[in-house]
Amino acid sequence: VFLGADPYEAKGGDTRATDLLAHARRRIEADIAGQPAIAARLLEEIGGVYVSLDDRAAAEDALRAALQAGERAGVAALVPTEAARARLAHYALVVDGDTARLSELDTAIGRLRAAGPAGRRVLAQALEFKADHLFNIGDYAAIPDVSAQAVEMHRLASGDGSDDYAMALANHASLPR
């Protein structure tokens, strides 16, 4: 990605992260479209970066492309496919209040549970998305159980010393009892 984005050709020496991501997206579509499992993984990662950059439109576009590629790949791309599905559902549920999309998040959670150890990190994140949704709809009684599941998945995925586990544990500890 970095070698392929020539800042001197693009903008006279000024290349932004979004330029690099757009270039990577074009390369994925051109070079590995015939390898949907790899495309799904890369597109899901690009979508996650766009989420971090707070570019919802680009994030959703990349995540939808990841979901489509992952569905073509089948079981070989289960984890990135369900990660994309969960992120898209999270946007709809938490940002837009579209509770009809809860079934998509629940589908992703169920499939990630079935993925075993390979899906634990993404499952933990999907459970956190569900806890966000529960908070937004005021179902405070259900949050501790979902949060505890997320904590355990983070522990199993990353270990007791990981930042993800520590953050999940702190979030869980801050819940009203």
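Compute the separation of the alpha-carbon centres of the stretch 31-106 and the stretch 113-129 and state it in Å as a whole number.
Cα centroid of the stretch 31-106 versus Cα centroid of the stretch 113-129: 14 Å apart.
State the label only: which of (1) 58, 35, 34; (2) 44, 38, 34; (3) 47, 34, 30 corresponds to Cα extents along the principal axes in Å computed from the shown model?
(1)
Ignoring ligands, DNA and RNA, what accessible area per residue does the chain give at 1.4 Å, in Å²?
Working: 9500 Å² over 177 residues.
Accessible surface, normalised per residue, equals 54 Å².
Percent of accessible area on the chain owned by carbon and sulfur, 1.4 Å probe?
53 percent
The values are calculated or read from the model by the stated rules, or taken from the named source; none is laboratory data. Just so you know, these numbers come straight off a predicted model, no measurement behind them. All accessible areas refer to the heavy atoms of the entire protein, side chains included, with ligands and DNA or RNA removed. Shrake-Rupley method; radii C 1.70, N 1.55, O 1.52, S 1.80 Å.
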